[in-house]
């Protein structure tokens with residue numbers, strides 16, 4: 001296995017060993033924060049009538065949030081490398097949603113097999129190093145028909161976040177990500193005003 005893949009998955013494997021496939025396996029600090037991040041992605045991309053690929057889908061919480069918000073997506077495909085969370089996602093029997101076991105980092109072909117309009121990453125980049133995360137986002141952008149939307153922990157947060165523990169997650173160089181995104185496409189949307197700069201979201205659309 002790719003060493004980067006093993007490194008980024010290890011914290012999730014350990015969380016599942018400790019807590020099972022419940023919310024704690026997502027490594028989010030709270031369900032409220034997770035929903036806020038989902039809402040930002042939905043508000044930026046819309047996703048109505050779209051085929052959505054969620055990379056690192058966990059228990060299927062993003063699909064659940066789309067349904068709660070009444071977003072009429074065409075089809076939702078979630079992929080995750082951990083069988084425990086895929087089983088939990090499948091057990092929800094969510095409408096127009098399917099969940100597949102796989103790791104797009106070690107098998108990037110998974111990004112192209114779904115014919116997705118939008119490919120989404122929510123939290124799934126947080127335990128990767130930046131070059132690895134950028135490579136994956138670029139492959140997703142090349143594969144998506146319309147674009148990519150993703151979030152990460154910003155290195156330009158409000159001071160109230162200064163002493164908050166992050167491990168095993170890490171902060172990314174936010175300005176470098178914006179510049180890198182603009183090298184891919186002129187149609188870039190960026191925001192980090194929803195959690196006092198703790199988190200940032202970028203949407204890339206094809207020109």
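The values are calculated or read from the model by the stated rules, or taken from the named source; none is laboratory data. Predicted model only: the values in this text are computed from it and were never measured. Glycine also receives a Cβ, built like all others from the backbone with ideal geometry; neighbour counts cover every protein chain displayed.
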* Go through (1) at pLDDT 95 or above; (2) closer than 30 Å to residue 197 by Cα; (3) more than 14 Å from the chain's Cα centre (by Cα) one by one and return the number of the condition residue 74 breaks. => (2)
* To do: Can you confirm whether segment 125-136 contains a residue that is out of contact with any helix residue (DSSP H, G or I) (no Cβ under 9 Å at 6 or more places or on another chain), loosely packed, with under 15 Cβ neighbours inside 10 Å and in a loop (DSSP other than H, G, I, E, B)?
  => no
* Asked: What number of residues within segment 59-85 satisfy the criterion of being within 18 Å of residue 116 (Cβ to Cβ) and either part of a strand (DSSP E or B) or touching a strand residue (DSSP E or B) at 6+ places or on another chain (Cβ under 6 Å) (or both)?
  -> 11
* To do: With respect to residue 15, determine if the residue is modelled with pLDDT under 85, surrounded by 14 or more Cβ atoms within 10 Å (Cβ to Cβ) and in a loop (DSSP other than H, G, I, E, B).
  => no
* Check whether at least one residue in segment 40-49 is in contact (Cβ under 8 Å) with a residue 60 or more places away in the chain, in a strand (DSSP E or B), over 27 Å from residue 17 (Cβ atoms) and within 15 Å of the chain's Cα centre (by Cα), and report yes or no. => no
* Of the residues that sit in segment 175-205 and are farther than 23 Å from residue 146 by Cα and in contact with a strand residue (DSSP E or B) (Cβ under 7 Å, 6 or more places away or on another chain), which one is surrounded by the most Cβ atoms within 10 Å (Cβ to Cβ)? -> 199
* **Candidate set: segment 138-175, residues that are part of a helix (DSSP H, G or I) and free of Cβ contacts under 8 Å to residues at least 40 places away in the same chain; chosen: the one nearest to residue 115 (Cα to Cα)** => 143
* Asked: When the residues of segment 87-119 are filtered to those that are surrounded by 15 or more Cβ atoms within 10 Å (Cβ to Cβ) and in contact (Cβ under 8 Å) with a residue 60 or more places away in the chain, which remaining residue is nearest to residue 145 (Cα to Cα)?
  -> 117
